[in-house]
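The values are calculated or read from the model by the stated rules, or taken from the named source; none is laboratory data. On a predicted model such as this, the values are computed, not experimentally measured, just so you know. Cβ atoms come from the backbone with ideal geometry, glycine included; neighbour counts cover every protein chain shown. Protein only, heavy atoms only, side chains kept; ligands, DNA and RNA dropped before computing areas. Shrake-Rupley method; radii C 1.70, N 1.55, O 1.52, S 1.80 Å.
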Amino acid sequence: MLASDDGLNLSGVRKRERLVAALGERGYDYAGNAEIDLEVWRHARHAISVDLPARLRPELARVATIEREFAPRPAGLKVYAQALRLHQWVKNLLIFLPLLLSHQIDVRAIAASLTAFLAFGLCASSVYLLNDLLDLPSDRRHPRKCQRPFASGTLGLVRGALLIPALLALAGLLCLGLPAEFFSMLTLYYALTVAYSVKLKEFVLIDVIALAGLYTSRILAGAAAVG
């Protein structure tokens, strides 16, 4: 096994020397993604590029025989919808329950409930993204969860991480037009959801209580939104 350790960064020329010594000139195929890999490719039988910058492709073609190229697929709307789990927003319909039970439906109350629904959805999606980032190693090993955007590589980690504060900021802006009590409920919901994703889901009984609390918080938030 050839790998870097605490005393040696096995990359570039060092990696090429080790590979040639172990496998011989043109005795290996090599997959890489950076300029430093050009020296390794130069002595490889075949080159495999993974998300290689476009400016380096002509140089790679000059020094090695390209066997295969892997480029990231652009994340489309379907990928973002899957990452944000928009289908889970149906749970937030509980926000409209207090409005329906009040029998005092007017334009202001409907607008407030719709705003609350959207704020809850954005907040929940930010937690879904956080949860997928935290579960990334286990998701990649799971037969079904490996198809999630982060685990499958269809959505970049940096882009997904930047979405988390952006979604929270949008949810906070929506709260400006709602009573302060709603913002308090949304904050409580966010804190409980994060706690569930990080730790609470590991405990069976607390798991059930936390989920029940999350559903109840939606109803209370809906009541706070319409006063």
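Computed quantities for the displayed model
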| quantity | calculated |
| --- | --- |
| Karplus 3J(HN,Hα) series, Hz, for region 181-187 with 6.51 cos²θ - 1.76 cosθ + 1.60 (x for Gly, Pro) | 4, 5, 4, 5, 5, 5, 5 |
| Listed candidates (1) 57; (2) 60; (3) 43 - label of the one calculated as percent of Cα pairs over 24 Å apart | (2) |
| Asp51, Asp29, Asp132, ranked by accessible area, largest first (probe 1.4 Å) | Asp51, Asp29, Asp132 |
| Sulfur and carbon atoms: percent of accessible area, region 69-208 [1.4 Å] | 71 percent |
| Rounded accessible area per residue of the chain, 1.4 Å, Å² | 59 Å² |
| Sparse-neighbourhood loop sites, trypsin sites (Lys or Arg not before Pro) in region 105-153 - DSSP loop, at most 15 other Cβ within 10 angstrom | Arg144 |
| Relative contact order computed over region 69-222 (Cα-Cα under 8 Å; 6+ residues apart), in percent | 33 percent |
| Helix-only [θ]222 nm of the chain, DSSP H runs n ≥ 4, -39500 (n - 2.57) each, per residue, nearest 500 | -18500 deg cm²/dmol |
| Charge-dipole axis of the chain as Lys and Arg at +1 and Asp and Glu at -1 on Cβ define it, positive-most pick from Ile95, Pro137, Val20 | Val20 |
| DSSP-defined beta bridges in the chain - what % are antiparallel, rounded to 5 | 10 percent |
